[in-house]
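Please read the structure below before turning to the comments.
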Amino acid sequence: MLRLTERVEEGVGESAGVLRLPFELRQKSRFRAALTDGTEVGVFLDRGLVLRGGDRLRAEDGSLVLVEAADEAVSTVRGDNARQLARVCYHLGNRHVPLQVGEGFARYRHDHVLDAMVEGLGATVIREQAPFEPEAGAYAGGHSHGHDHHQADDGPAHHHR
C-alpha cells in the first residue's frame with residue numbers, strides 16, 4: 001500500500017496517479033482508498049487539513065498523487081437573479097450547510113428538505129452528480145481580520161459569536 005503523508009505545493013513535479021474522492025473523505029486526515037488505477041493508498045495527513053481538487057500529495061517513496069473532487073449527489077441552484085441567489089445562500093448558510101458558491105450558482109449536498117426550502121424561496125433546484133467544493137469558511141486558514149484574539153491589558157475582551 002502506498003502511504004500518502006504530505007500535501008505539496010503546485011509545480012513540484014509530475015503526478016504519478018489520481019486520487020478521486022468525495023468531499024466527505026477529503027475532510028478526513030486518516031483513511032484508506034484507491035487511486036483511479038486501482039493502487040491502494042493510505043492517507044496519513046495532519047489533522048484539520050481539507051483536501052481540494054487539484055491538491056497534490058507526496059507518498060513516502062517520493063511519488064506524487066493528484067487529488068480530484070469526485071462527482072457526488074448535489075443540489076445546484078442556478079440563476080441570473082443575484083438577489084434571489086443571495087437569499088438562497090443566506091438561508092442555507094443560516095443552517096450551517098456546507099455551500100459551494102460559483103459564478104451564477106450555489107451548490108450543496110443533496111438533501112430533499114433543503115431542496116424544498118430553496119424551492120419555497122422561488123428558486124429552481126437541479127439535482128445532479130457533480131464535484132462538490134464548498135467554501136472553506138471564515139476561520140479555515142488564511143483568515144485574518146486585522147486584530148489579535150487576546151485581551152489587551154487596557155481594553156475590553158473581544159469575542160466572536
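Where a number appears in this text, it was derived from the coordinates with a stated rule and is not lab data. None of the values given here were measured: they were computed from a predicted structure. Reconstructed Cβ throughout: ideal geometry from the backbone, glycine too, with neighbour counts over all protein chains shown.
Computed from point charges on the beta carbon alone (+1 for Lys and Arg, -1 for Asp and Glu), the dipole magnitude for the range 1-141 about its Cα centre is near 480 Debye. Our note on the geometry: Cα centres of the range 71-109 and the range 21-61, 26 Å apart. With charges only on Cβ, +1 for K and R and -1 for D and E, what is the dipole size of the range 1-67 about its Cα centre, in debye, rounded to 20? The dipole of the range 1-67 has a size of about 340 debye. Loop-located GluC sites (Glu not before Pro) across the range 40-121 with a Cβ neighbour count of 11 or fewer within 10 Å are GLU103, with loop assigned by DSSP. Please state the shape class of the range 71-131: rounded when a/c is under 1.5, otherwise prolate if a/b exceeds b/c and oblate if not, all from the C-alpha gyration tensor. Rounded shape, in that the Cα axes give a/c under 1.5.
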